[in-house]
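Structure, as structure tokens:
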Amino acid sequence: MNWNFDVLPDFIFNGLSLGAIYGAVALSLVLIFKATTLINFATGELAMLGAFLVYVLHMEQGIWLWLSMAIAMGLSAGLGVLIERTLTRPFDPEDHLPVVLITLGLFLIINAVAGDIWNYQVRILTNPFGKFPDWVPSLGGDRYVEVLGSRLKYQSIGIWLTLALALFALSLILNKTKAGLAFRAVSSNVESARLVGVHTGRTLGFGWAIASAFGTLGAVLVAPQLGGVNPNMMATILIYALAGAALGGLDSQGGAVLGGILVGLIQAVLVTWGGVVVFGQLYMSILQLAAAFLIILIVLLFRPAGLFGTRRVERV
Amino acid sequence: MSAQAPRRFTPVSVAGLIVLAGLLVAIPFLTTTTSLRQATQIVVSVLAVLGVNIATGYGGMISLGHGVFVGVGAFATGYYVGDLQLPWLLAIALGAITAGLAGALVGVPALRIRGIHLALVTLGLAIVFRPLSKRFPSITGGVSGRSIDARFDAPGWWPSDGRMASSVYRYVFCVLIVVLVLWATWNLVNSRFGRSMRALRDNHMAAAIYGIDLVAARVTTFAISAGIAGLCGALQVLLVPFVSQDKYPAQESLVIYASAVIGGLGTIWGSVLGVLARTVLGKAGSALAGYDGLGPLGEFFDLLDESAFVFGVGLIILTFLFPRGLAGLGRKNQVPK
């Protein structure tokens, strides 16, 4: 055993930045679940499509990366609205099976379309946080700063700032706008919301739009860590995000973000640092996936509402 | 559809049965070894779909991860027959049992986790399976797979010999097994156990009040359903003595689930229809994709060669048009649940 605490901060930073990304994708799941009690199984694939939009706009068309991201998030939001309006609204929200099938169908379709257009090879996408911008004074290197003797990557800082900004924007939208109020009303009680005149269909479309935009953001941020974009990039991310959403509670936005971060920390600190550095086990990637799966299983078995979710009472 | 008597055969299903039987008899006379093997693989895939149908259609437990049990069955059979040198029949049976035990393990969480949450857990299983199996190269062959050192050839008493004879022998063997399992499943779902399975699906509280052992029934249902899916994997090894993790991506599990739904959950014939639909859709898609002269549309039609794409579209269209699946087309007044 090798209790190498010197490298521990590295793993914590890495876990926190991965966790933030899982949080973004988990939020995408939760925003839809909260309003409809449905799990959108196509979340990962929609996010992947968004990342490819950024790839096309930025790498192929040469548009400024941040503008490409904004456009791609807008287009994803539009696609989310379109899916809600055409594919899920005709079905009774109380009956889960049809909508599960629809989102599974979307999963297969989007994956196949992306595979057909872009093949299954990994394509490099510019890292939005590769180097510090020139105006930042150097604190150790142009890609990292020294903290506690470890390297805190610019990428991690960038991911945290981006996510914090996005969460701030989300809380403004949900708490200060009329559409946000309607969304909170619908997710608290569809029937009552309808009775007081909330246009529920449009509101659910709004939820799908924000959820899709968040998914795209997560996919773009995670792409550099995976070496680039490819049609299967989100399969494992989706597992971590599902674990985060389950851990935080499937109907809690804050829980999703915290759950995602916790999953990232568990992955990096418990599994990678604990398993690989301390115990010298090399089966890192599989231990990580298995840990995520175990989190889903254990949470749903013993505390289906997660840490911050609403407990549902079943009456006979 | 609670409390229903075993169904009588309708004229439509009798006619369908005769056509199907005729097709099954005609296939070995019409084809070459390669296409006969492909036909056998299609016949065998009925079992995977039937497995999902038992868990979801009769047991009411959504399983998006049955490709995992097919994979477990295949890997286990390969190990038994190739490494342990067991006879084929024993290896196949043990392969199915191994998959069934794996299914029982998954059935335990399914006791408490239901509905969309179970879908989540089983999807997780489907995604984790491939990377997990890469880590056991001595059994799975790691990333690139491995060939199994055993051949299932026609025995001495088989009337003809040569390569075609062995292919026909495998075909007949697999068809017999599939028919046998279909018949056994039909009996199972109409037995006392089958009724308790359906009672649990429709209302588990009421079922428990009537004295059905919830734990035993749920775990057994999942084990049987996984065992049948594992049998599918075992027969795949019999047909092509090569196992590889890349045959069992999460998409495969989803396509199996989709076949069960498209065919119709909660009916035995639905599983056969689902596989037929998958085959016809796939063939039609690749035929259209190969058709030139569409100009710029040709690019789009290339997509139809991707069976996952065709299947995804089929799934969505069918969910809109025939929520009861193909097997439910002729029936009325039965609310799906």
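Every read-out reported here was derived from the displayed coordinates using simple, explicitly stated rules and does not represent laboratory data. What you see is a predicted model; the values in this text were computed from it and never measured. Every residue, glycine among them, receives a Cβ derived from its backbone with ideal geometry; neighbour counts consider all protein chains shown.
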For chain B the mean separation of alpha carbon contacts under 8 Å (6+ apart) over residue count, i.e. relative contact order in percent, is 29
To the nearest 10 degrees, the tilt of helix A:253-265 (Cα long axis) against the first principal axis of the alpha carbons of chain A is 30
For the A:S188, A:Y120 Cβ pair and Förster radius 41 Å, calculated FRET efficiency rounded to 0.05 is 0.45
One would report the Cα pair-distance distribution of region B:100-174, bin width 10 Å, in %, as 16, 24, 22, 24, 12, 2
Phi angles of region B:49-55, converted by Karplus (6.51 cos²θ - 1.76 cosθ + 1.60, θ = phi - 60°) into ³J(HN,Hα) in whole Hz with x for Gly and Pro, give 5, 4, x, 4, 4, 5, 5
Relative contact order as a percentage, chain A, C-alpha pairs under 8 Å and 6+ apart, gives 35
In the protein assembly as shown, lysine pairs 8 or more places apart or on different chains with C-alpha atoms under 25 Å apart total 6
Taking every residue of A:295-304, the Cβ atoms of other protein chains inside 10 Å of its Cβ average out to 4
Measuring from the longest principal axis of the C-alpha atoms of chain A, the long axis of helix A:234-248 (C-alpha) lies at a number of degrees, nearest 10, equal to 70
From the Cα centre of region B:205-227 to that of region A:209-265, the distance in Å is 35
Cα pairs beyond 25 Å in region B:36-247, in percent, come to 40
With Cα coordinates, the longest principal axis of chain A makes an angle with the long axis of helix A:65-83, in degrees rounded to 10, of 30
Here the whole-number average of other chain Cβ atoms within 10 Å per Cβ of B:252-258 is 2
Taking 0.36 nm per residue of separation between B:I209 and B:S160 and subtracting their Cα-Cα distance, the length gained on full extension comes to 11.8 nm
Per-residue average of other protein chain Cβ atoms inside 10 Å, peptide B:123-133 -> 6
Which residues qualify? For A:Y144, with a placed amide H closer than 5 Å and at least 5 residues away or on another chain, they are A:Y154
Rounded to the nearest Å, the spacing of the alpha-carbon centers of region B:134-196 and region B:8-82 is 10
Binned at 10 Å starting from 0, the alpha-carbon pair-distance distribution of chain A in whole percents comes out as 6, 26, 34, 23, 9, 2, 0
Note on region B:128-197: contact order normalised by length, alpha-carbon pairs under 8 Å, 6 or more apart, percent, works out to 14
Quick shape check on the protein assembly as shown: root eigenvalues a ≥ b ≥ c of the Cα gyration tensor, a/c under 1.5 is rounded, otherwise prolate if a/b tops b/c, else oblate, and it reads prolate
